[in-house]
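Have a look at the structure below before the remarks.
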Amino acid sequence: MRFRPMAYDDLPQIMAIELASFTSPWDPEMFVAEMMGPVSYATVAEQQGCVVAYATYRVVIDEAHLMNIAVTPERKGEGLGRALMDRIMDRCRCLGAAYMFLEVRRSNVAAQALYNGLGFEYLDVRKGYYSDNHEDAIILKLDFPEDGL
């Protein structure tokens, strides 16, 4: 598997994964904004020329925030999400982040298990956060080790 920055040419594959993964998918312009933002980063995991996972995240001073992550449905359960998270967490530390936040749907038990396995801890709940069904979001936080990588 190869990790690399997201490119415009990836958008058709990313949108196919996004539409298959989320009830309120991002539109292509949101990904373009993440690719172009001054504090935004977008990474894809690619195998044999195909995007199999992607993530967008932001780093502002010492805070990282995971914005979006998905794995192509037919490849879920193969460890791609964890590999991608490991990669972007390392990148966030290199960019000076001391910690990372994310929101996850209360019903997304598989994602919560992944994040808990990476060391994320419960911080709070955003009531009615998701616009499609007003589901709560669980806010998780991970403090990066002070000794860096």
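Summary of values
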read-out	value
Single match in Val71, Val60, Val52 (criterion: at pLDDT 95 or above, surrounded by fewer than 17 Cβ atoms within 10 Å (Cβ to Cβ) and among the hydrophobic types (A, V, I, L, M, F, W, C))	Val60
Every residue from the range 1-50 that is polar (S, T, N, Q) and farther than 23 Å from Tyr130 by Cα	Gln13, Thr43, Gln47, Gln48
Some residue of the range 111-125 being at pLDDT below 95, assigned to a loop (DSSP other than H, G, I, E, B) and not charged (D, E, K, R)	no
Failed criterion for Ser24 (all others in (1) open to solvent by 10 Å² or more (accessible area, probe 1.4 Å); (2) outside any loop (DSSP other than H, G, I, E, B); (3) touching a Ser or Thr at 6+ places or on another chain (Cβ under 8 Å) hold)	(2)
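Residues checked against (1) within 17 Å of Arg58 (Cα to Cα); (2) part of a strand (DSSP E or B); (3) open to solvent by less than 90 Å² (accessible area, probe 1.4 Å); (4) at pLDDT 95 or above:
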| residue | (1), (2), (3), (4) |
| --- | --- |
| Met89 | yes, no, yes, yes |
| Ala97 | yes, no, yes, yes |
| His134 | no, no, no, no |
| Ile139 | yes, yes, yes, yes |
| Asp147 | no, no, no, no |
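The values are calculated or read from the model by the stated rules, or taken from the named source; none is laboratory data. Owing to the predicted nature of the structure, the values given are computational and were not obtained by experimental measurement. All Cβ positions, even for glycine, are placed from backbone atoms using ideal geometry, and neighbour counts span all protein chains on display. Quick note on the areas: whole protein, heavy atoms, side chains included, nothing else; ligands and nucleic acids left out. Shrake-Rupley method; radii C 1.70, N 1.55, O 1.52, S 1.80 Å.
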